[in-house]
1. Given +1 on the Cβ of Lys and Arg, -1 on the Cβ of Asp and Glu, and no further charges, what dipole in debye does the chain carry about its Cα centre, rounded to the nearest 20?
2. Any chance you could check the Cα centroid distance between region 269-319 and region 145-161 for me, in angstrom?
3. Express the accessible area of the chain per residue in Å², computed with a 1.4 Å probe while the remaining protein chains stay in the model.
4. Hey, any idea what % of the chain's accessible area is carbon plus sulfur with a 1.4 Å probe?
5. Mind checking the alpha-carbon convex hull of region 299-374 and giving the volume per residue in Å³?
6. Using Cα pairs closer than 8 Å and at least 6 residues apart in sequence, work out the relative contact order for region 299-374, in percent.
7. For the ranges 245-256, 163-174, what's the packing order if you count other beta-carbon atoms within 10 Å of each residue, average per peptide, and put the highest first?
8. Determine the relative contact order of region 173-326: mean sequence separation of Cα pairs under 8 Å and six or more apart, normalised by residue count, in whole percent.
Amino acid sequence: MAGIYIHVPFCRSRCVYCDFYSTTLGLDVAQTYVRAVAREMSLRRDYIKDAQIETVYLGGGTPSLLPANSLKELFDAIGRHFSLDEEPEVTIEANPDDVCEQWLQSLKDLPVNRISMGGQTFNDKLLASLGRRHDANQTVEAVEACRKAGFGNISLDLIYGLPGQTMDDWQRDVEKALSLGIKHLSAYALSYEKGTRLDAMLKKGLVEEADEELSRKMYDHLMSATAEAGFQHYEISNFALPSYHSRHNSSYWQGVPYLGLGAGAHSYDGRRCRRANLPDIKAYIAATGDVPHETEELSDEELYNEFILTRLRTSSGIPLLRLSSADRQYCLSMASPHLEHQLLCMKDHHLCLTKEGIFTSNDIISDLMKSEME
Ligand code: SF4
């Protein structure tokens, strides 16, 4: 079992909050880039040698900007180099303003069966302030067009805690999202990442961070509204109808190996080695041998910490029996005060966050981790 991630670092313009690697280079570069990705695929196919590919994820950037022939070229290359599972999950990220009948028709000839849409909010004023290129109506129309074209497995992204966003705005966003018949919802608290325009605006006093209490209330509302709509809260930021959990993201959390292709993409060999392609599209395209990258061998502590971090964020929690007895003992001793305060609970040898614990999950996770000094 393995996954493939392809990074498509092209956007028409940059949103103010975004720190993902992407460029605003034109379509001619995008087409050359796709050929470079196919070349990297042929060079690195042994990274996940003999594995069945269960999931493919085209993320970005904005993969929906790629023309139909480039998408076909990518999937032809995947078909040549890898063996896809009988029923793979194949996701493409899309921006609402790119979704049209013609684009959806071009997807019909590819193995794509899941569309992840960046909606972010249904408030037009807030969308404009984030530098998004679409309005709320375009998101609604895009989701409807996807469904009409036969793509029923749709995920929508929302952001809460936006500057100026009220509780009423957020309630309307969640209600609107759930009314669209989506199968999966990812909701993230706005973060002010270093180097983004939004962070610069914060430092200049042009925007204000959302009040902590308001963010908490927003998240609380999100949990109850999604539960009422039959969604399972399977990871801190992810909600899905039964059998619509993202298999690709779940495999990251379960330590499944994946091959990341493209400038800025990350790979994991399923054991100790992580690799990051450098976020430099020109150097990536110009490479003649392997593309510019860095590798990192994880220490025992780092492996333990990653295990704690990824697993505790999921509703199934930390499978304690998968830890060595020394690590299990360490984990349980650090968890003890949180168990006492009912921020953590035990479910069938799994250590899980309680609903109350989710609100302080960052602190709990950091308590359970080992510092490099120990
Ligand atoms: S949020 Fe998406 S569309 Fe906006 S800049 Fe980032 S990758 Fe591009």
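1. It works out to roughly 740 debye.
2. 28 Å
3. Each residue of the chain exposes 47 Å² on average to a 1.4 Å probe.
4. For the chain, the apolar C and S fraction of the accessible surface comes to 49 percent.
5. That works out to 81 Å³ per residue.
6. Rounded, it is 38 percent for region 299-374.
7. Answer by packing, highest mean first, reads 245-256, 163-174.
8. Dividing the mean separation by the residue count of region 173-326 yields 16 percent.
The values are calculated or read from the model by the stated rules, or taken from the named source; none is laboratory data. Note that the structure is a prediction, hence the values are computed from the model and not measured. Cβ coordinates were reconstructed from backbone atoms using ideal geometry, including for glycine residues, and neighbour counts include every protein chain displayed. Only protein heavy atoms, including side chains, enter the accessible area calculation; ligands, DNA and RNA are left aside. Shrake-Rupley method; radii C 1.70, N 1.55, O 1.52, S 1.80 Å.
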